[in-house]
Each structure stands twice: as C-alpha cells, then as structure tokens.
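Step one of this worksheet: look at the structure below.
The values are calculated or read from the model by the stated rules, or taken from the named source; none is laboratory data. This is a predicted model, so every value here is computed, not measured. Glycine gets a Cβ as well: all are built from the backbone with ideal geometry, and neighbour counts include every protein chain shown. Ligands, DNA and RNA are stripped out before the accessible areas are found, and what is left, the full protein with its side chains, is counted by its heavy atoms. Shrake-Rupley method; radii C 1.70, N 1.55, O 1.52, S 1.80 Å.
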Amino acid sequence: MSTLNAEVQDLHSRIITFIPAHLQYACRHWATHLSESLPGANDTDDDVCDALVVFASLHLLHWLEVLSLVGRLVEALPALRHAVDWAAVSHMHCGLN
C-alpha cells in the first residue's frame, strides 16, 4: 500500500530523525561530485563502477524515496544523467549501458 508524503503524520520530525543532514546532502549531491571527478585518471574507477552497479541494483529505490521525502525528487533525473555521463566516459562503462 502506498502512502502520499502529505498523508504521513509528523513527516518533518521523521525526516529529521531518520534522514540526517549528512544523508540528505549525500543523496542530493553524490552524482555532482561523481561527474566532477576525472574518469580514467586512476585505478579507483573500477571500485566506483562496482559501487555504481551495487547502488543501481540495490539502493536506487531507497535513494528515490529519500529525495521524495525531502522534497527533492526533481533532482533525481539530472543526478542519473550525471552518473550515466560519467560512466560513458569511463573505461569500464560500469555495466550501465
């Protein structure tokens, strides 16, 4: 059963309790930081690619839920575009093609 954000009692308090500021920041800005990194510049690309695959496979819905709850769902599509653009220029293509 789905519940609209507007139907959740005390949503603001729940967000403060369960989605702290550092998690909100990470959810909102991870893709920007990723896109500003230089793919292919070092050996960590493989680790980043692996992390992106895990994120896309296991945590994408969690991330979207957080963005929705904090009123930033509109940021999801640009963030995904940043990640895909980064993956497109990385050597591994991160298995996201």
Tell me which of these Asp46 doesn't satisfy, since it passes every other one: (1) touching a residue at least 12 places away in the same chain (Cβ under 8 Å); (2) open to solvent by 70 Å² or more (accessible area, probe 1.4 Å); (3) under 15 Å from the mean Cα position of the chain (by Cα). (3)
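Is it the case, given these coordinates, that Ala6 is open to solvent by less than 50 Å² (accessible area, probe 1.4 Å), over 18 Å from Ala87 (Cα atoms) and of a type in the set (Gly, Ala, Ser)?
Numbers: open to solvent by less than 50 Å² (accessible area, probe 1.4 Å): no; over 18 Å from Ala87 (Cα atoms): yes; of a type in the set (Gly, Ala, Ser): yes.
In short, no.
Residue-wise test of (1) free of Cβ contacts under 8 Å to residues at least 24 places away in the same chain; (2) assigned to a helix (DSSP H, G or I); (3) open to solvent by less than 70 Å² (accessible area, probe 1.4 Å).
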position: His12; (1), (2), (3): yes, yes, no
position: Ile16; (1), (2), (3): yes, yes, no
position: Leu23; (1), (2), (3): no, yes, yes
position: Ala51; (1), (2), (3): yes, yes, yes
position: His59; (1), (2), (3): yes, yes, no
position: Trp63; (1), (2), (3): no, yes, yes
position: Ala79; (1), (2), (3): no, yes, yes
position: Trp86; (1), (2), (3): no, yes, yes
